[in-house]
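Heads up, the thing below is written out as structure tokens.
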Amino acid sequence: MPNACGDQQMIPADIACNLQANIQNPNKTAKFNAWKQTSQPRHASNWCIPSHPRQLLYTKHNPLPYAARLPQRQPMRSKMNHSLRILLGALLAFSLALPGWTVWAATWPESEDGAASAGFTEEGMEELDAAMRRIVADQDVAGMVWLLARNGKVATFDHAGIARIDDDAPMTRDSLFRIYSMTKPVTGVALMMLHEEGLWEFDDPVSKHVPEFADLKLMVSYDDEGNAELAEPSRHPNMRELLNHSAGFGYGLSGQDPVNNAFRDSRVLASSDLDQLIDRVAEIPILFEPGEEWYYSVAVDIQGYIVQKLSGMRFGEFLEQRMFLPLGMNDTRFYVQEQDRPRFAEVHNWDAERGALVQSPHRADRPSYLDPTRLESGGGGLVSSTHDYARFLQMLVNEGELEGVRILTPESVRIMRTNSLRDELLMAGGPDRPGVPGTGFGVDFAVIFDPAAANSPQGAGTYYWSGAAGTWFWIDPVYDMFWVGMIQAQGARRPGAANMRNVARDIIYDSLIR
């Protein structure tokens with residue numbers, strides 16, 4: 001069955017509709033000196049960690065040079081320094097909550113700057129807005145909010161339709177959405193913040209930070225009755241593989257093999273908290289030798305646990321104090337506060353018998369998002385607004401900074417948006433799966449290294465992700481722009497519904513003033 005975006009793909013629905021990618025902007029990378037790696041073992045990653053940031057890497061899937069990472073340094077890891085970081089973060093959050101404090105208040109994007117100032121034709125932006133409204137009017141979705149920005153200017157920030165059919169609540173620019181897997185890049189940024197502090201390295205075994213994984217087993221094969229043959233893996237998955245979904249973990253969202261069945265049977269994604277999630281995952285074998293395949297997995301929930309453990313703060317607390325407050329993301333958290341519930345959009349699906357969209361009933365096995373949760377899922381737990389997520393994306397476009405607040409160094413952002421899969425491996429690829437053409441994976445982002453192969457008009461280096469209820473975004477560093485679209489749609493779609501992602505993308509690139 002086609003997924004919520006109208007595409008039919010053999011990968012999870014929340015990523016199947018936005019198959020795009022990433023490479024560096026040649027104009028931005030020409031200033032670096034190239035450093036060519038002369039050999040690479042089969043299991044080695046394209047993600048080389050040189051000893052100096054001016055040492056760069058060319059590979060087949062990364063044909064342009066990039067700054068691989070910050071220079072190695074000796075971090076200050078004493079308990080005193082670690083405690084001091086936590087104390088300073090708490091003091092910062094407290095100070096921001098005091099009356100009269102306006103530091104880091106969100107001032108962008110409050111209004112549109114106009115098509116021309118953002119580098120688009122007026123006719124193109126009118127066509128884009130009309131196309132999105134038509135998609136809503138045709139009942140492809142109940143409502144939508146969309147935002148397009150280029151060169152730090154907002155070309156369009158608009159909305160259409162309703163947020164909840166049952167009470168006819170209108171969709172507004174400040175509506176709140178379950179962003180599901182668009183939580184993943186947020187988690188990746190958090191983990192990279194701790195990498196900059198020297199608390200972990202890409203070649204670290206995951207078990208160094210999650211000792212519960214020290215005895216992970218490998219599923220070698222299984223029979224028709226679901227009996228699995230297990231063995232010791234040749235090595236343990238490392239942090240790099242955890243970040244690009246090649247570590248071998250399952251998820252339970254799809255697949256009828258013993259590993260994914262075990263994820264469902266043990267209710268990993270319904271764990272009471274991150275500690276229980278880790279304990280349950282530790283009992284389940286990995287699907288393949290680390291680095292050998294790409295498989296959409298529970299890896300980002302594991303990343304959230306590692307952030308919690310290394311920072312000494314609850315995961316949600318770390319995000320709030322270290323990212324959301326500094327960026328002015330005041331709507332983003334793991335639940336909807338009571339005063340904000342009127343802004344919360346509900347999920348809808350197409351009812352064939354009625355020939356209309358209906359509000360989807362709440363599933364008991366899914367979080368309600370109406371109350372604080374102990375399971376702060378780094379893989380899919382956040383609620384956010386278009387405004388907030390646009391600020392997060394503009395921070396990435398700016399290579400880690402927004403309105404004078406720096407979250408990451410430029411080198412860390414470049415690492416995140418650079419393909420790190422080994423040669424010959426593509427996103428969603430494996431021995432019996434060719435993968436998504438022209439598309440690799442970085443740190444919790446899909447990256448397009450070959451737009452022609454990906455059949456995309458986007459610039460080489462575009463990186464993106466999406467959420468299970470249809471939210472989607474992409475960042476094109478070549479044209480210094482990003483798009484974010486927010487909807488809440490799961491399940492069946494209207495027959496003949498438009499592929500809204502391709503519609504929006506194609507109009508945007510046709511409207512560029514180059």
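Once you put a point 7 Å from the Cα of D506 and another 7 Å from the Cα of R173, both along the Cβ direction, what distance in nm separates them?
2.9 nm
Can you put I407, I448, I475 in order, fewest other beta carbons within 10 Å first?
Ascending number of Cβ neighbours within 10 Å: I407, I475, I448.
Give the distance, in whole Å, between the Cα centre of the range 459-504 and the Cα centre of the range 155-172.
18 Å
In nm², what is the average projected area of the convex hull enclosing the Cα atoms of the range 424-514?
7.3 nm²
Assuming 1.306 mPa s and 10 °C, estimate D for the range 276-416 with Stokes-Einstein, Rh taken as the Kirkwood radius over Cα pairs, in µm²/s.
89 µm²/s
Quick one: net charge of P233's neighbours, Cβ under 9 Å, K/R +1, D/E -1?
Cβ neighbours under 9 Å give a net charge of 0.
Counting Lys and Arg as +1 and Asp and Glu as -1, what is the net charge of the other residues whose Cβ lies under 12 Å from the Cβ of I135?
Computed value for this residue: +2.
Just the number, please: Stokes-Einstein D of the range 108-193 in µm²/s, Kirkwood Rh from C-alpha pairs, 10 °C, 1.306 mPa s.
Translational diffusion coefficient: 108 µm²/s.
Fewest Cβ neighbours within 10 Å first, please rank D138, D450, D476, D168 accordingly.
In order of increasing Cβ crowding within 10 Å: D168, D138, D450, D476.
Report the local net charge at G188: Lys and Arg +1, Asp and Glu -1, summed over other residues whose C-beta lies under 11 Å from its C-beta.
Summing Lys and Arg as +1 and Asp and Glu as -1 gives +1.
Stokes-Einstein D for the range 409-475 at 37 °C, 0.692 mPa s, Kirkwood Rh over Cα pairs, in µm²/s?
265 µm²/s
Using the 2.2 N^0.38 Å rule of thumb for compact globular proteins, work out how the range 234-283 stacks up: its C-alpha Rg over that value, please.
So the Cα radius of gyration is 1.17 times the expected 2.2 N^0.38 Å.
Taking a cut-off of 19 Å between Cα atoms, list the aspartates and glutamates near K208, but don't count ones fewer than 8 places away on the same chain.
Answer for K208, where 19 Å is the Cα cut-off: E196, E197, E232, E241, D275, D279, E283, E289, D301, listed by chain and number.
Within 10 Å of each residue's Cβ, count the other Cβ atoms and sort Y464, Y335 from fewest upward.
Going from sparsest to densest Cβ surroundings: Y335, Y464.
No solvent, one uniform scatterer per C-alpha: report log10 I(q)/I(0) for the range 136-281 via the Debye equation at q = 0.08, 0.13, 0.16 1/Å, two decimals.
Values returned for q = 0.08, 0.13, 0.16 Å⁻¹ are -0.40, -0.85, -1.01.
The range 314-344: which trypsin sites (Lys or Arg not before Pro) are DSSP loop and have at most 12 other beta-carbon atoms within 10 angstrom?
none
Report the rotationally averaged projected area of the range 341-471 based on its alpha-carbon convex hull, in square nanometres.
Average of the hull's projected areas for the range 341-471 equals 12.5 nm².
No lab work stands behind these numbers, since they all come straight from the coordinates. Values in this document were obtained by computation on a predicted structure and should not be read as measured data. Counting neighbours? That spans all protein chains shown, and the Cβs are built from the backbone with ideal geometry, glycine included.
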